[in-house]
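Some notes on the structure that comes next.
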Amino acid sequence: MPSVVELQVIQGVAEVAMDNPPYQTLSNRVLAALYSTLEQVASDPGVTALVLCGSGADFCAGSELDELADPTQRASLRGLVAMLENYPKTTVAALHGKVHGGGLELAMACSARVAVGGTELGLPDVALGLLPSAGGTRRLPQLIGADRALKMITSGRSIGAAEALDCGLIDALVAADVIAAARQHVARSAPLSASEATPVNTTLPTVSADFFATWRTSMERRSGGQMAPRLAVDAVEYGLSSCRQDALDREAELGEKCSHSAQALAMQYAASAERICRVGNLDGSVTANVNTVGIVGAGTMGVAIAMVFASADIGVVLVDASQDTLQKGLQSLTSTLQRAVAAGQMDSAQSAACWFNVRGSSDYEDLKNVDLVVEAAFEDLSVKQSIFAKLDRLCDVKTILATNTSYLDIDAIAAVTQRREKVFGMHFFSPANRMKLLEVVAATQTSKETLSAALSVAKRIDKIACVVGVCFGFVGNRMFSNYTSESNLLLLEGAEPEQIDAAMTDWGMAMGPLAVADLSGLDSGYRARQMQPDAPRDERYFRPANLLVEQGRLGQKTAAGFYRYRQRQRENDGVVMDLIGREADRLGIAQRRLDPEEIQQRLIYTLINEGARILDQGIARRASDIDVIWINGYGFPRWRGGPMYHADRCGLQAVVDGLKRYHPSPIFDYQRPAAKLVRMAQAGENFAD
Ligand code: NAD
């Protein structure tokens, strides 16, 4: 078995390198090997200092996902951190790549930290429903102040090396060769005498009297039902007002409470589901040779997609129908890049590099030699077919062709080409430069090679790609369509828009369904329904939304939809309820008061039911892919694990019974319990099995 920790001693300095591919995690094996190596180095009289570093792409990516349930892992990490803090020799952490979780806690226990450009430092534990478990909630505030530390710990977000230097998390930043820089740091440090230990920093930052109360209020608002960020505030507060050992004990106690929570299990499930998408889909034998990408359509999506590829250092040719629309697209690219720099999402050098990688054109001839084309023109089958026919004639035989269609039949698009095996869907989510999710749509004749190439490109542009099959709306939009249809029915039955949206955000959704509909434009859903091949014929289908569109209320863009908008602020609009009330009368629907539980269950059961149908039809390969899609594309609460994981927690029979109770005489097919759901409930199975 290969060694997971390497030791070499050069001129009295021990270099200890963690080496645990492919994820560079702190597995139990790594922790044990580190412990014995550090003990060996500590007692070696020939060694004066230690440089702790990582092999491969990262210093250390944090805990091993598969071992999180094992409490000995957390205890071993605490032991290691304590050993490093009291180490009898100078210790310098040489940082590169990811320095996450336990990796950062180890680095913080060293006497100094040196990083190379591109290093990412963070405590992402809350993303797994956990707290830092080896002193992070005390040491990070000591190094960078309580406010900055709380921002990092409660969001789980990493910071870059420049910011880390600026706030004092690292001591030096170098352009290259971080090990050499760490050795130089050692050379400049006074050696510790044999009886000395690394001095422990006991200075605690001070905060104002209302500091933690303000943080608590803000967490109540922002944590969206999550427990770990709220407990992180408690841990930091306790850490800054107690002695070191009490602080560490309290952190461990709060950490254990999180570790045993249902939220932590759901979030860890979600993380493994994403990992399966990232690696489980890839056929290692195919690496895409994609160095240039053509994008057709310089509108909202085309511009953001161009930015995604260009940011990954892939050359982009952005084509639109005319010089005029192209110029608008390029202007929009400039302002999107400026906004990204202003928001700290990229620095100005990255923005310039991105801009440099994009070439605009209104001539399809310029797409002749690209490796991949992503079409993002209007959502209209005949427009897309004529574009694909043209691309097929023009592009090199090796070029693979993708469409960003939201709903349309990709088989019908592929059918106009002579290269059906090279046609597929790349369904990006808006804003494409921010959203991690990508549905890779395998059309009936898409070849394995094309699919593998698509997945390898997805990896390069750092998207979480889920492979899905062809149907109206694929996985995400197909489920979303039923979910919003049920919301529209609830409106006819007497619920108010705000009541529906509040019920769902209280449940944990990032936004309510009607606020989302207003944001994306009621007309886009309206147009999509007109193309829906199997749309229910019943007049009640999306009746409120259709009515609003017919009245010119298209959502935020017209400052009126399900709500009224003043400076983008949402307000209730009595006109809407009057309109829907009259329509309910006309349709003979008796309006009534609905409680939040009914709203939540009806909408979530609708999602689960359609998810089951999608699995039965093979449109999604795994239940966990559906969960990944909903968490990353539709604001489903990560701490509930996704709709299919949540179904298991409810019990599938309870979902079947709920659907029957709410819909004793189903109006729409989607309200009938799916055959697969019923079968699985009867067999006592779970989606996550
Ligand atoms: P958009 O209207 O903003 O942009 C479409 C662009 O395509 C326009 O600039 C138009 O000039 C150009 N165009 C039209 N016909 C063309 C042709 N024959 N050749 C070259 N350029 C042409 O639309 P959008 O919102 O960016 O959507 C584009 C595609 O992405 C659609 O298929 C849509 O369903 C899909 N999509 C949109 C979203 C979203 O939230 N907007 C999300 C996912 C997918």
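The values are calculated or read from the model by the stated rules, or taken from the named source; none is laboratory data. What you see is a predicted model, and the numbers here were worked out from it, not measured in a lab. Because the Cβ atoms are built from the backbone with ideal geometry, glycine has one as well, and the counts that use them run over all protein chains shown. When the accessible area is computed, the model is the full protein with side chains, heavy atoms only, and any ligands, DNA or RNA have been set aside. Shrake-Rupley method; radii C 1.70, N 1.55, O 1.52, S 1.80 Å.
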> For the range 328-347, how many residues are touching a helix residue (DSSP H, G or I) at 6+ places or on another chain (Cβ under 7 Å), among the small types (Gly, Ala, Ser) and closer than 15 Å to Glu163 by Cβ?
Replying inline: 0
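The rows are residues; the columns are (1) farther than 18 Å from Ala495 by Cα; (2) out of contact with any Phe, Trp or Tyr (no Cβ under 9 Å at 6 or more places or on another chain).
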site	(1), (2)
Lys557	yes, yes
Tyr563	no, yes
Arg570	no, no
Leu579	no, yes
Leu594	no, yes
> Taking into account only those residues within the range 314-326 that are within 11 Å of the ligand (Cβ to nearest atom) and aliphatic (A, V, I, L, M), which is farthest from Tyr364 (Cα to Cα)?
Replying inline: Leu326
> Condition test on Lys390, is it within 10 Å of the ligand (Cβ to nearest atom) and open to solvent by 50 Å² or more (accessible area, probe 1.4 Å)?
Replying inline: yes
>> Can you tell me which of (1) outside any helix (DSSP H, G or I); (2) within 10 Å of the ligand (Cβ to nearest atom); (3) of a type in the set (A, V, I, L, M) is the one Leu401 doesn't meet?
In response: (2)
> Which number in (1) in contact (Cβ under 8 Å) with a residue 12 or more places away in the chain; (2) farther than 23 Å from Ala149 by Cα marks the one condition that Ser335 misses?
Replying inline: (1)
> Can Ile179 be described as in the same structural domain as Glu85 (by TED's automatic domain parsing), modelled with pLDDT of 95 or more and more than 30 Å from the chain's Cα centre (by Cα)?
Replying inline: yes
> How about the range 114-132: which of its residues are open to solvent by less than 10 Å² (accessible area, probe 1.4 Å), out of contact with any Ser or Thr (no Cβ under 7 Å at 6 or more places or on another chain) and part of a strand (DSSP E or B)?
Replying inline: Val114, Ala115
>> If the requirement is being of a type outside the set (D, E, K, R) and touching an Asp or Glu at 6+ places or on another chain (Cβ under 9 Å), which of these qualifies: Ile410, Ile400?
In response: Ile400
>> Exactly one condition in (1) open to solvent by 20 Å² or more (accessible area, probe 1.4 Å); (2) touching a His at 6+ places or on another chain (Cβ under 9 Å); (3) not in a loop (DSSP other than H, G, I, E, B) is false for Glu439; which is it?
In response: (1)
> Within the range 497-515, which residues are part of a helix (DSSP H, G or I) and buried (at least 22 other Cβ atoms within 10 Å of the Cβ)?
Replying inline: Pro497, Ile500, Asp501, Ala503, Met504, Pro513, Leu514, Ala515
> Which is open to solvent by less than 30 Å² (accessible area, probe 1.4 Å), in contact (Cβ under 8 Å) with a residue 12 or more places away in the chain and part of a helix (DSSP H, G or I), of Val457, Val468?
Replying inline: Val457
>> For the range 472-496, give me each residue that is open to solvent by 10 Å² or more (accessible area, probe 1.4 Å) and under 15 Å from Pro596 (Cα atoms).
In response: Glu493, Gly494, Glu496
> If you take the residues of the range 368-385 that are within 15 Å of Arg420 (Cα to Cα) and in a helix (DSSP H, G or I), which of them is farthest from the ligand (Cβ to nearest atom)?
Replying inline: Gln385
>> The conditions are (1) among the aromatic types (Phe, Trp, Tyr); (2) open to solvent by 10 Å² or more (accessible area, probe 1.4 Å); (3) under 20 Å from Gly156 (Cβ atoms), and Phe59 fails exactly one of them. Which is it?
In response: (2)
> Out of all the residues in the range 285-313, which are closer than 16 Å to Gly360 by Cβ and away from the ligand (no atom under 14 Å from the Cβ)?
Replying inline: Thr292, Val293, Phe309, Ala310
> Name the helices (runs of 4 or more DSSP H) wholly within the range 585-689 that hold at least 2 residues that are under 30 Å from Ser223 (Cα atoms)?
Replying inline: 596-616, 623-633, 643-650, 652-662
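Residue-by-condition table, conditions (1) under 20 Å from Cys53 (Cβ atoms); (2) outside any strand (DSSP E or B); (3) hydrophobic (A, V, I, L, M, F, W, C):
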site	(1), (2), (3)
Thr72	no, yes, no
Ala94	yes, no, yes
Ala107	yes, yes, yes
Arg138	no, yes, no
Leu150	no, yes, yes
Ile170	yes, yes, yes
Ala181	yes, yes, yes
> Only one of Leu519, Leu548, Leu579 is in a helix (DSSP H, G or I), open to solvent by 80 Å² or more (accessible area, probe 1.4 Å) and not acidic (Asp, Glu); which?
Replying inline: Leu519
> Quick check: anything in the range 335-355 open to solvent by 30 Å² or more (accessible area, probe 1.4 Å), within 16 Å of the ligand (Cβ to nearest atom) and closer than 18 Å to Ala298 by Cα?
Replying inline: yes
> Does Ser335 qualify as being out of contact with any Gly (no Cβ under 7 Å at 6 or more places or on another chain) and within 28 Å of Gly118 (Cβ to Cβ)?
Replying inline: yes
>> Quick check on the range 319-334: of everything there that is of a type outside the set (A, V, I, L, M) and open to solvent by less than 80 Å² (accessible area, probe 1.4 Å), which residue is nearest to Gly294 (Cα to Cα)?
In response: Asp320
> Considering Asp411, Asp363, which residue is in the same structural domain as Val296 (by TED's automatic domain parsing) and either aromatic (Phe, Trp, Tyr) or within 14 Å of the ligand (Cβ to nearest atom) (or both)?
Replying inline: Asp363
>> more than 35 Å from the chain's Cα centre (by Cα) and over 28 Å from Ala176 (Cβ atoms): which single residue out of Glu64, Glu39, Glu85 fits that description?
In response: Glu39
> Looking at the range 309-318, which of its residues are outside any helix (DSSP H, G or I) and buried (at least 22 other Cβ atoms within 10 Å of the Cβ)?
Replying inline: Val316, Val317, Leu318
> Could you list, in sequence order, the residues of the range 619-634 that are under 13 Å from Phe474 (Cβ atoms), open to solvent by 10 Å² or more (accessible area, probe 1.4 Å) and over 14 Å from the mean Cα position of the chain (by Cα)?
Replying inline: Ile619, Arg621
>> Quick test for you: out of Ala306, Ala298, Ala321, Ala288, pick the one residue that is outside any helix (DSSP H, G or I) and either free of Cβ contacts under 8 Å to residues at least 60 places away in the same chain or in contact with a Pro (Cβ under 8 Å, 6 or more places away or on another chain) (or both).
In response: Ala321
